[in-house]
Amino acid sequence: MEKLSQTWSLMRASWDVLRKDRELLVFPLLSGISCALVIAAFAFPLARQYSGSRDMPDQLTLEQIVMAFAFYFSTYFVMSFFNTGIIAAALIRIRGGDPTVRDGFKAAWSRVVLIAEWALVCASVGTILRVIEGRSNRLGQIVSGLVGTAWSVGTFLVVPILVVEDIDPIGAVRESVRLLKKTWGQQLVGSFSFGLASFILGIPGILVMLMGGLAMADSFAAGMALVVLGVIYVVALGLVQSALQSVFQASVYAYAREGTTAAGFDRDLLAGSFGR
């Protein structure tokens, strides 16, 4: 509970950083749009392939494995590219600079080869986990879940490392795991609290959408207006939460690697959050 309380404080500090550069919200916005386009591009061939079938098969064919790999690669590349941009901009702010959206895109383009290599690694891991999950049923799901969780935690700082340090993705994973030994509490609890906060803050938007659905029986226009309002709220919250998560990653990396503390962050709080 103490770790959770500390991370909520770090979340508020991340908001203070983001508030100075609100234009950085363009990165999660473009990431979301791009991921939606990727999903749409793969949705049609998948729908055609499984038309007339109620369930996705557990055992993947070679063609399905290749398609899964291509989908994972595309989505990981898109997310990593825009995440690199916002983290690069956040690091400029943390170091006392005044970043722009152009700075973020410039940093992302300069690392596009590393980002592609990182997407290749992530796609390989994702595809392997999907195959394991499908081959062993319940046991495979458990193994896939445990390995997937360990992978997510261990690679938490890979993107900030790719932004700053000129090393390959495998070296970035090793370095992320090394820094994990210092920051494990913040990585685990930080990710959890960000997700929890997003869920709690998203409840009003969900309730508004439900009210809109019920109201459509009496007035379609009024009900639809409520639904649209709720969707806009949830989407906006998702954009802010994604940006805060990136700022949080940047702040954890900056302190762990450089001892740099962003304005608004409590240095004693950060220092007390790291240890064996």
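Scanning region 216-254 for residues that are under 30 Å from Phe156 (Cα atoms), surrounded by 14 or more Cβ atoms within 10 Å (Cβ to Cβ), modelled with pLDDT of 80 or more and small (Gly, Ala, Ser) yields Gly238, Ser242, Ala243, Ser246, Ala250. For region 11-34, the tally of residues that are over 17 Å from Gly96 (Cα atoms) and buried (at least 16 other Cβ atoms within 10 Å of the Cβ) stands at 10. With respect to the conditions (1) at pLDDT 90 or above; (2) under 23 Å from Gln245 (Cβ atoms), Ser124 falls short on a single one, namely (2). Filtering region 5-42 to residues that are modelled with pLDDT under 80 and either farther than 16 Å from Leu244 by Cα or β-branched (Val, Ile, Thr) (or both) leaves Ser5, Thr7, Val17.
Figure legend. Inter-residue proximity from region 154-182: first residues at negative phi, second residues buried (at least 17 other Cβ atoms within 10 Å of the Cβ) and assigned to a loop (DSSP other than H, G, I, E, B), beta-carbon distance below 6 Å, spacing 6+ or different chains. Indicated pairs: Leu162/Arg111; Val173/Thr155; Ser176/Thr155; Ser176/Leu157; Leu179/Leu157. Filtering region 167-188 to residues that are surrounded by 21 or more Cβ atoms within 10 Å (Cβ to Cβ) and modelled with pLDDT under 75 leaves Thr183, Gln186, Gln187. Condition (residue is under 26 Å from Ile39 (Cβ atoms) and surrounded by fewer than 19 Cβ atoms within 10 Å (Cβ to Cβ)) applied to region 82-94: is it met by at least one residue? No; the residues of region 82-94 include none that is under 26 Å from Ile39 (Cβ atoms) and surrounded by fewer than 19 Cβ atoms within 10 Å (Cβ to Cβ). Restricting region 81-107 to residues that are over 15 Å from Leu239 (Cα atoms) and under 12 Å from the mean Cα position of the chain (by Cα), which is modelled with the lowest pLDDT? Within region 81-107, the match that is modelled with the lowest pLDDT is Thr84.
Evaluating Gly212 against the criteria (1) surrounded by fewer than 17 Cβ atoms within 10 Å (Cβ to Cβ); (2) assigned to a helix (DSSP H, G or I); (3) modelled with pLDDT of 75 or more leaves one unmet condition, (1). Of everything in region 43-55, what is touching a helix residue (DSSP H, G or I) at 6+ places or on another chain (Cβ under 9 Å) and either modelled with pLDDT under 60 or aromatic (Phe, Trp, Tyr) (or both)? Give them in sequence order. Residue satisfying the conditions is Gln49 alone.
The values are calculated or read from the model by the stated rules, or taken from the named source; none is laboratory data. Predicted model only: the values in this text are computed from it and were never measured. As a convention, Cβ positions derive from the backbone with ideal geometry for all residues, glycine included, and neighbour counts pool all protein chains shown.
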